[in-house]
Each structure stands twice: as C-alpha cells, then as structure tokens.
1. For the stretch 200-286, run through the trypsin sites (Lys or Arg not before Pro) and keep only the ones in DSSP coil with at most 12 other Cβ atoms within 10 Å of their Cβ.
2. For the pair D25 and A235, how long in nm is the line joining their label points, each one 7 Å along Cα→Cβ?
3. Mind giving me the nanometre distance, one decimal, between the label points for R141 and S293, set 7 Å out from Cα along Cα→Cβ?
4. Just subtract the alpha-carbon distance of L256 and A7 from 0.36 nm times their residue separation and send over the number in nm, one decimal.
5. Hey, with R₀ at 51 Å, roughly what FRET efficiency would A208 and A151 work out to, going by the Cβ-Cβ distance, to 0.05?
6. At a Förster radius of 25 Å, what calculated FRET efficiency corresponds to the Cβ-Cβ distance of E105 and D129, to the nearest 0.05?
7. Scan the stretch 19-72 for trypsin sites (Lys or Arg not before Pro) in coil per DSSP, keeping those whose Cβ has at most 12 other Cβ atoms within 10 Å, and list them by number.
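We did not get these values from a lab; they are worked out from the coordinates using the rules stated. Everything numeric here is computed off the predicted structure, so don't read it as measured data. All Cβ positions, glycine included, derive from the backbone under ideal geometry; neighbour counts span all protein chains shown.
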Amino acid sequence: MRLRNDAIADALDRISDLLEAQHGDRHRVRAYRTAAINVRSIGRPLDRIVLEEGREGLLRLPGIGKRIAALIDEFLHSGRMAMLERLEGQVSPEDLFAMVPGVGEELARRIHRTLGVETLEELEIAAHDGRLEGVRGLGPRRTRGIRDSLAGILGRSSRRNARRRRWSEAQLTPVPAEAANQPGNPAVRPDVAILLTVDSEYRRKAHAGVLHTITPRRFNPENRSWLPVLHSEKAGWVFTALFSNTARAHEYDATLDWVVIYYERDGEEDQCTVVTERNGPLSGRRVVRGRESECAHLYAAGERV
C-alpha cells in the first residue's frame, strides 16, 4: 500500500517536471510538486482513504485540490494518469480503446479509423447509438460486451459519470446558450471564442518555433522531438493544446492543421478538436468540431479571434 502512495507521488512529480519543461504556469508546477511531497508524507494509503471516504477524503488532505484529487482517483482505479501520458506524448485513442476488454489492437485501430472517436466517452456513445455495430468485425453481441465493459470502466470515476449524464441530458433537454456557462451547469465548457483564441495562439507560436516540443511515441519512427505543446490559462480554464497525432490526422495530412485542445477547471476535464473547415459557408474558417453552429454565430457577429 505504501508503494501505491509513492507511485502516485512519483507521477505527480513527473507531471510537475514536464509542465516546468514545457513552460507551464509556475503555480501549477508548484501545486503538483507540493502535492507529491504531501502524498509521500501521508501515513494512510490513499486507496484506503478513497474506499472509506470517497474523493472527498482526498480533498481533505493538504495540498490536494479537485484536479489533483481527480488524477489520484483515476490512478487508483486504472493504474494510469491520462494527463501524464499526454504530457509525455504517449496517449492515443488506439491505446485507450485497446485497454477495453473485447477490443484488441487491430480492432482499436479499425474503430478509430472508421468512427473517428477519440475518447472512451465518445466510444461509449458510439456503442449506444448504433455506430459501433457498423465497424467491420463487430456485431450486436460483441458490441454489447464492449458497452458493458465501458460502463464498468467509466463508472469508476464520478468525473466521467458526470460527462455521461451531461451527454444523456443534452439529448433530452437542449441547454440555452445564455445558460451554457453558468456555474453548476452540467454542460459547462469554454466559449468557442476562447477555444479559437487558444487555437490561434498555439498555431502562431508553433509555427514560430517558440514552443517546447515533445517526442510522440506513435507515428514517429525517427524518434524526433517535433510535437509542440502549449499550456495556457484563460477565463478560469487551464488549456493544453497540441497538433493531432492520430492515424486519422496522418491519413488526411492534417497533422499541422488539426489542433486538439484539452481544457480543465475545478477537476473537470474534457477536450475538443479545432480544424480548418473545408466545405460549406465556413470553408476556410477555423471551427470547433461539434460546435460549428456556435462558430458560425461568432463569425456572423464579426468577432475576430
């Protein structure tokens, strides 16, 4: 049990080191470093605290805020921290999907190539709305097994449960635009104007060569450090942006166009992809995938980002 605490502290230290090397906010660097020190000094195993008190027990520990508590909870339930893998340039949709019982490496690649989904949450939605059954090699029975496995994996984290509820509620009750970013709203997410500003800042600095680069594990046979990463904070949100390094991005020769933006606030994290629209009235414009109508309203209002 003591080794589990040390492993968590090591991961938090690694996040701190990577954020510092990638020129992340110094307060975030200090927060992860302080949390690592505190985790090592705690006399009780963290998994015992979570078992007995839930995530609230983590929040009562010194130096552990909502975001770090969510990371610790993720590690205790899955043995990994997606944020750390992302900072190291290692995470990929195929890697995530291959972890699901019933999905091997080849099927994971086929799912990502066919559906273009990027996260376990998106995969779960596809398993429920019928798209997953359309992937070659998958039928109703196998899809049902994958759906059940995903329910178990995603059900371990209250943060992920919140996202699943948010998606389900969104299918039934549209959230008014003026209420979308009110505190406590389950569909809270950054305005598209902020996301497009982060996208613009990232691409400008990436092409100027002023950002720290990481060495992605995938699609990088020369083992080059080529993938720029940006850490930024705006309007209370913490952002990490980097070019998409997925099989789909390489297939469409879009690795220097598609930008994946991860955003986090108060322990809740999600992501989006910003691309250059190729068709329709927004052709040539930067748009947030899935939020094209909001981008169209933004551009129609003459907003510049």
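1. Those satisfying the criteria are R224, R278.
2. In this crude label model, D25 to A235 measures out at 1.5 nm.
3. Using points 7 Å along Cα→Cβ, the separation is 4.1 nm.
4. 86.1 nm
5. Once the sixth-power term is evaluated, E becomes 0.70.
6. E(calc), rounded to 0.05, equals 0.55.
7. R60
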